[in-house]
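The values are calculated or read from the model by the stated rules, or taken from the named source; none is laboratory data. A quick note: this is a predicted structure, and the numbers were derived from the prediction, not measured. Because the Cβ atoms are built from the backbone with ideal geometry, glycine has one as well, and the counts that use them run over all protein chains shown.
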Amino acid sequence: MKRTLITLIFFTFVIANDQIPAPPQKHPILLKNGVIHTVSNGVINGAILFEKGKITRIAEHISPPAGAEVIDLDGKHVYPGLIAAVSGIGLTEISAVAVTNDHSERGDFNPNVRANVAYNPDSQIIPTTRSNGVLIANVAPGSGLVSGQSSIMLMDGWTWENATMEHPSGLHVNWPDMGIRSGGWFRMPADKQIKRRQESLKMLDEMIKEGRAYARLRQSKSSKAEDYHDSDLRLESLIHYVRGEKPIYVHANEVRQIEAAIHWANRHEVKIIIVGGKDAWRTADLLRTNNVAVIYEGVTALPNRRYEDYDQAYKGPALLHEAGVQFCISTSGSAGGSYRVRNLPNQAAMAAAYGLPKDVALRSITLSVAEVIGIADRVGSLESGKDATLFISNGDPLEIRTNVLQAYIQGRKIDMGDHHKSLYHKYQEKYRQLGILQE
Amino acid sequence: MKTKLILFLWIFSFLFAQTGPAKELHRNPPRAWALTNATVHTAPGKTIDNGTVILRDGMITAVGARVKIPKQATILDMDGKHIYAGFIESWLDVKTAKKDTSLQAYWNANMRAYLNGADLFHPKETSLKELRGLGFTTAHITPKGGIFQGASALVQLGETPKILSNSVAQVVEYANGGWGAKEYPTSLLGAIAFIRQGLIDADWYNKTQSILAKYPDGNAPIQSDRSLAALAKAKQSKQPFIFRTGNELYIDRSSNIADEFDLNLWIKGNGYEYRRIDEMPASFMIVPLDFPAKPEVADPHNALQYSTEQLKHWDLAPDNAAKLASAGFQFALTSDGLKNKSDFRKNLSRAVQRGLSEADALAALTTHPAKEMGQSKRLGKVAPGYIGNLVITDGSYFDSKTKVNAVWIDGNEYDVAPDPMVDASGDWTLKEGTNIWTLSLDIPEDEIEMSIDEEFDMIYLSGSLKLNNKYIELSNLALDQDRLSFSVEADTVLQKGVTRFKGTITDQKATGQVTYADGSTRLWSANFDSALEKKEKKTETEQASDLSLVFPEGAYGLDSSVPSPKTILVNDATIWTSGPKGVLKEWDILFQNGKVKKIAKNISLPRGKALIIDGKGKHVTPGLIDAHSHMAGESINEGFENVTAEVRMRDVIDPNDVAMYRALAGGLTTINLLHGSANPIGGQNVVMKLRWGSFSNDLIFKEAPQGIKFALGENVKRKRSYGRYPETRMGVEQVIRDAFRAAQDYKKAWDTYNKDVKLQRSSIPPRRNLEMDALVEIMEGKRLLHSHSYRQDEILMLTRIAEDFGFTIATFQHVLEGYKVAERLAEHGAGASTFSDWWAYKYEVVDAIGFNGTLMHNAGVNVSFNSDSDELARRMNLEAAKAVKYGGLDEAEALKFVTINPAKQLKIDKYVGSLEVGKDADFAIWSGHPLSTYSICEQTWLDGKQYFSLENDKYLRERDGKVRNDLIQKILKAPDNGGKKMKAKGRQGNRFHSCDAFESYLMEGGE
């Protein structure tokens, strides 16, 4: 009977054509006879109980509280929801169709724009992504020099307000090119490149200085008219960052960019996170001694330079881990890649194949992400008191062949259907009708 | 001190050799000369000390140590001088008009074979002077512009250049406008097809002309074409075709074309010949001495931006000529490509220091080009009967400090850097009134050189006057020919104020007048005491690079032949055969002579008979196959026209692409290098084995059938700025249908012609058309069709066209909606080569699903997963795992998506794709389950040779790391020798050629 129940749970999605956001958790849910991968506290063969959206207990044996729904996992696995550390998900649907893109505001300097207001909770990409266990995404704009502010979004909700877990999570800066690019389609002359770089760096310095000055002016308690300062949305948005309350995500891959960003942050006493970090291994000491974390984006990227080791990108996380740099793994945060956020676990697995310990690899897409983006008090691991944002799988999610069977976000049971599964079932039906597929 | 005779000669042409009237009065300066007491380099390696050269009426009449000097000859004492035969500048570009606007023009402006370099040569006196300054007396004039650029000419560089030959060679360049250009071709692919079609057209045109000459009445006239006529003539008369080349690959491409069309091949080289010297054709080459500037490595971060291959090229480029010579090549050297022509001497001297013998260097400037250009009886030697072209130097030409004093062209002298009229440097005793001064004068060497460009040979120098140990610096010091002047400002010994000296030097004496501050004057005189001690500038002698070459050049190039034991035995491994035997746990597999020999539970061999690999815990799979790749393709799209069936990927293979090595490190051994998806009918693909280190032609999978790429949907219907048809899927269908109809008509015309002897004798034949040939081959089933496709409607459409024209499509590529019409694919018999899980990057993939592969497979379609990406190609085994994830396919079946299934699609399954006895020994050894994300590829073997192993990779990393470090140290210590700045190419190797991978690259964190 229990098995039937579970089967029902795992395969009801086939009916739905459009996914329906889940209602709040009404009764306690106990998952038992499972392999509970807590991330923070090892693996427990046993049970996990969550109530009102929070994990309340993890133990080998838990007696179900009154009114609890009990699900026998029969040896299946439970993991904390995977977290996309930077992503354009929800801001784009089809990157080649311009009107479906909302990630790149016009102009070079947009610190004020906020991602969550443009997050489309009905994007078809979201269900396909959570089908692979990614349940939270830090959604960021991505254009110009200062792109805007990111928001941490739950991968389920009726509206963007429902789906917002944290806003703002940070300010996004695309660090200027520090070298001279040549070849390919890039044809800007060297002197122009240098001039542009110098202007951009000056703008970044000015941004912090002006932001500080503005914060002080707006703080003034004086009621005199002459002390009043008119509002400026761009500068207003910088207040969190000039005060060091929230991090600035600096998108930088090349070693000179990373170094320049760290010196910039020290000069202005702001908190930064490096996003991209292909060359981070070349400057690991600087990152570690300055406590700068890296969101490593390109595990499956090609090596940055022709002569680099063929597995340079694969082993990047292992090198950072060995050097004691705080890091997590992400797919690229570029909006065009939103549809591949679902392959986040494969990125971690590739790092594991090339030297990163397996448990660290899992951590690098769960708890480590939560720590880097500042939500580890709520998610990232399976612990009492944390959100019941987790999933059940038939194996190690870092293995491609594994499938996620059921996900919960803050205890809410997620509709596991998606556009792809719907089409799959639609066309299975076609071939059944044609007699090509047997029942 | 010695005063030297300076001859001021005005140059006049022979009056009897010109047709125009005399200007003013007839001029008849002496026409016979005896150049005596010189070191005469009569020919490469042959020298006469104290020799005499007799010139008369523009020709050399006698040369030797004991030559009778004719009475008419004016004797020029060349004591201390060297005489060489005039040098030939083997490459001098002249620009051509953009387009043939005549009624005899080819359809495309890139065809300019009718042009003649000599007609376009309008040199400025300054550029002639510059050339003569290097010792060049003759130049090979080469038209530049378009693809077939015209005939080159050989011209004397005298005041009125004389043509020695006006059709030396037909010049060809792989020119193309690049993506977005306004005319075909827009790529290297198209340029090569253009060359091939042009040569075919020339033959056809020639044939039509002879038919029309014999049967003028029965045939409709055809359009005249002066370029085709010129090409046909050049081809028939075995005139050389010289191809401009950018690197060693272009030489190989030129060699392929020459072989195909039986051309007399010449190569305009590029400085990279050393990289594949054993593969270079034995053709005459004209090679530049264009060495790169020092890479900017002082900033360690900047140093990272250079590829190892670039750093090595900095050290190896100056060795190129020596390497060519020692490999026995006949080549000429040219200053072409140098930004500063004066670098030619310096670079030549460097090449000589690095091992090019002076004889070989001299031959490259004289006898080799003279012989090749048909002038061996009158150019290149100092010998009787040769044209009076000479170079006069004050030392060995190959020492860059040696000055070229003059050149003689047609028996006329042209001053270059004559010795100064007087050599005043040194100490003089100067008497002025009662004062006896010591005058010290210093004429720096480089001041003299600078003065060459001056209108007058004014020499500026420095000096001092000394009296009773008191020095006074001279100011306004000048030596104008033999006239010396300077001024002195003094307080006590002379009058207060500025005193001016002016005088004339004759032999070892100088006399003149001094003008004091008050305007009074007096005579002064001076006697030469002692010459200044010449400061010998120390120049470091360069040594040849001690770097060893690797293949291809740069990081990870192979430095010895890859391990290729005759017999390899892998023991106790899990063998995924992808064949009828399925997956075999703890079995043995034996490879011999590059083939699978035996697969059995236990194979034992006598010790030492085989390389034995312990396979315990390991997994062995066939080498993986990628049916859609763009790696190792230097050019991907010829997209200007909607049908470009004539272009061939095999022509543009780039064996230097590191993507191949990276893919080998992921177990991949075979790829299908496809044309891009810019047009409905694209170019011909080439199936390749990743024999890393091999040269282009050796990468080709010879047994694989020929194929072609088609493309449907968004990429081909996208609006082009120049307005290309089609812009809808409706139009795409019509374009393809029309192409096949035209091909049917073409075939009909040929069949008719071939059957009818009378037609063949008296009518204009059909024109062979490379584009139509390819289309006919598709219809005849001889050329496999691989079509880029997404939506179900277009997939269905193309199967219907194929059936209408009687052939079967080999594969649909991408075919992301293949799952919607799987029964049609199965019924038609097409394979499906798809992405595992890509979607949402463009509108036509909005319904693309990960279950596509499994659904099609279950409906009976042969399915493979492809990469279309240099990145993804490194982990195709994990792509296969997605067929298990999406749709639950059996694991062994899933692996077949990247092994035997693509092999079947490419019709190479007889050789590769599974581990079965008799098939190629292409296999990969994995650390664990090949579909596990935690497994890595440990070894990759191809044809029984080990092209990748973790162990060897480690060795290569260490080797290349050391090469980089050592080179950077060498560069940091090296002098600045000028040259062109290298654009840092450290990031090269990450290419984005693909139909649709670009966005995905960005996503995956790629560039």
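Worth pointing out:
- Residue B:134 meets each of the listed conditions (1) touching a residue at least 24 places away in the same chain (Cβ under 8 Å); (2) within 29 Å of residue B:640 (Cα to Cα); (3) hydrophobic (A, V, I, L, M, F, W, C) apart from (2).
- Within segment B:475-497, the set of residues being under 20 Å from residue B:518 (Cβ atoms) and among the aliphatic types (A, V, I, L, M) comprises B:488, B:490, B:493, B:494.
- Put simply, of A:245, A:308, A:254, A:259 the only residue that is more than 9 Å from chain B (Cβ to nearest Cβ) and either within 30 Å of residue A:212 (Cα to Cα) or not β-branched (Val, Ile, Thr) (or both) is A:245.
- Filter result for the condition that a residue is surrounded by fewer than 24 Cβ atoms within 10 Å (Cβ to Cβ), modelled with pLDDT of 95 or more and more than 9 Å from chain B (Cβ to nearest Cβ), over A:433, A:428: A:433
- Within segment B:687-737, the residues that satisfy the criterion of being assigned to a loop (DSSP other than H, G, I, E, B), touching a Lys or Arg at 6+ places or on another chain (Cβ under 8 Å), over 27 Å from residue B:907 (Cα atoms) and touching a residue at least 24 places away in the same chain (Cβ under 8 Å) are B:722, B:726.
- Of the residues in segment B:844-862, at least one is more than 9 Å from chain A (Cβ to nearest Cβ) and not in a helix (DSSP H, G or I).
- Count of residues meeting criterion [surrounded by fewer than 19 Cβ atoms within 10 Å (Cβ to Cβ), over 17 Å from residue B:336 (Cα atoms) and among the hydrophobic types (A, V, I, L, M, F, W, C)] in segment B:106-130: 2
- Unique residue being more than 30 Å from residue B:124 (Cβ to Cβ), charged (D, E, K, R), surrounded by fewer than 16 Cβ atoms within 10 Å (Cβ to Cβ) and touching a strand residue (DSSP E or B) at 6+ places or on another chain (Cβ under 7 Å) when the list is B:182, B:214, B:238, B:207: B:238
- Residues within segment B:339-366 that are outside any helix (DSSP H, G or I) and surrounded by fewer than 22 Cβ atoms within 10 Å (Cβ to Cβ), tallied: 7
- Residue within segment A:404-420 that is within 12 Å of another protein chain (Cβ to nearest Cβ) and touching a His at 6+ places or on another chain (Cβ under 6 Å) present: no
- Candidate set from segment A:313-329 (those that are in a loop (DSSP other than H, G, I, E, B) and touching a strand residue (DSSP E or B) at 6+ places or on another chain (Cβ under 7 Å)); member that is nearest to residue A:363 (Cα to Cα): A:326
- Of all residues in segment B:832-843 being in a strand (DSSP E or B) and of a type in the set (Gly, Ala, Ser), the one that is farthest from the other protein chains (Cβ to nearest Cβ): B:833
Here is a yes/no grid of residues against (1) within 14 Å of chain A (Cβ to nearest Cβ); (2) assigned to a loop (DSSP other than H, G, I, E, B); (3) modelled with pLDDT under 95:
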{"site": "B:563", "(1), (2), (3)": "no, yes, yes"}
{"site": "B:568", "(1), (2), (3)": "no, no, no"}
{"site": "B:584", "(1), (2), (3)": "no, no, no"}
{"site": "B:589", "(1), (2), (3)": "no, no, no"}
{"site": "B:597", "(1), (2), (3)": "no, no, no"}
{"site": "B:621", "(1), (2), (3)": "no, no, no"}
{"site": "B:631", "(1), (2), (3)": "yes, yes, no"}
{"site": "B:651", "(1), (2), (3)": "no, no, no"}
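- Among residues of segment A:330-350, those that are at the interface with chain B (Cβ under 10 Å from one of its Cβ atoms) and either in a loop (DSSP other than H, G, I, E, B) or among the hydrophobic types (A, V, I, L, M, F, W, C) (or both), counted: 10
- Scanning segment A:125-144 for residues that are away from chain B (no Cβ under 11 Å) and either over 21 Å from residue A:404 (Cβ atoms) or assigned to a helix (DSSP H, G or I) (or both) yields A:126, A:127, A:130, A:140, A:141, A:143, A:144.
- Conditions (1) at pLDDT 85 or above; (2) of a type in the set (A, V, I, L, M, F, W, C); (3) not in a strand (DSSP E or B): number failed by residue B:408: (3)
- Looking across segment B:600-629, the residues that are under 21 Å from residue B:869 (Cα atoms) and either among the charged types (D, E, K, R) or in contact with a helix residue (DSSP H, G or I) (Cβ under 8 Å, 6 or more places away or on another chain) (or both) come down to B:622, B:624, B:625, B:626, B:627, B:629.
- Residue satisfying all of: in segment B:367-385; of a type outside the set (Gly, Ala, Ser) and not in a loop (DSSP other than H, G, I, E, B); surrounded by the most Cβ atoms within 10 Å (Cβ to Cβ) among these: B:369
- The C-beta contact set for segment B:429-443 (first residue touching a residue at least 12 places away in the same chain (Cβ under 8 Å), second residue of a type in the set (Asp, Glu), distance under 9 angstrom, 6+ apart or interchain) comprises B:429/B:529; B:438/B:427; B:438/B:529; B:439/B:427; B:440/B:427; B:441/B:427; B:443/B:423.
- The sole residue among B:416, B:391 that is modelled with pLDDT under 95 and touching a Gly at 6+ places or on another chain (Cβ under 8 Å) is B:416.
- Only one entry of A:286, A:319 meets the criterion of being under 30 Å from residue B:867 (Cα atoms), modelled with pLDDT of 95 or more and more than 10 Å from chain B (Cβ to nearest Cβ), and that entry is A:319.
- Those residues of segment B:930-939 which are within 9 Å of chain A (Cβ to nearest Cβ) and either in contact with a strand residue (DSSP E or B) (Cβ under 6 Å, 6 or more places away or on another chain) or not small (Gly, Ala, Ser) (or both), in sequence order: B:931, B:933, B:934, B:935, B:936
- Of the set (1) outside any strand (DSSP E or B); (2) modelled with pLDDT of 85 or more, all apply to residue B:13 but (2).
- Of the criteria (1) part of a helix (DSSP H, G or I); (2) touching a Phe, Trp or Tyr at 6+ places or on another chain (Cβ under 7 Å); (3) free of Cβ contacts under 8 Å to residues at least 24 places away in the same chain; (4) surrounded by 14 or more Cβ atoms within 10 Å (Cβ to Cβ), which one residue B:766 fails: (1)
- Residue pairs meeting the criteria (Cβ under 8 Å; at least 6 apart or on separate chains; first within 13 Å of residue A:363 (Cα to Cα), in segment A:34-47; second at pLDDT 95 or above and among the basic types (Lys, Arg)): A:39/A:363
- When residue B:839 is tested against (1) surrounded by fewer than 24 Cβ atoms within 10 Å (Cβ to Cβ); (2) in contact with a Ser or Thr (Cβ under 9 Å, 6 or more places away or on another chain); (3) over 26 Å from residue B:776 (Cβ atoms); (4) in contact (Cβ under 8 Å) with a residue 24 or more places away in the chain, only condition (4) is not met.
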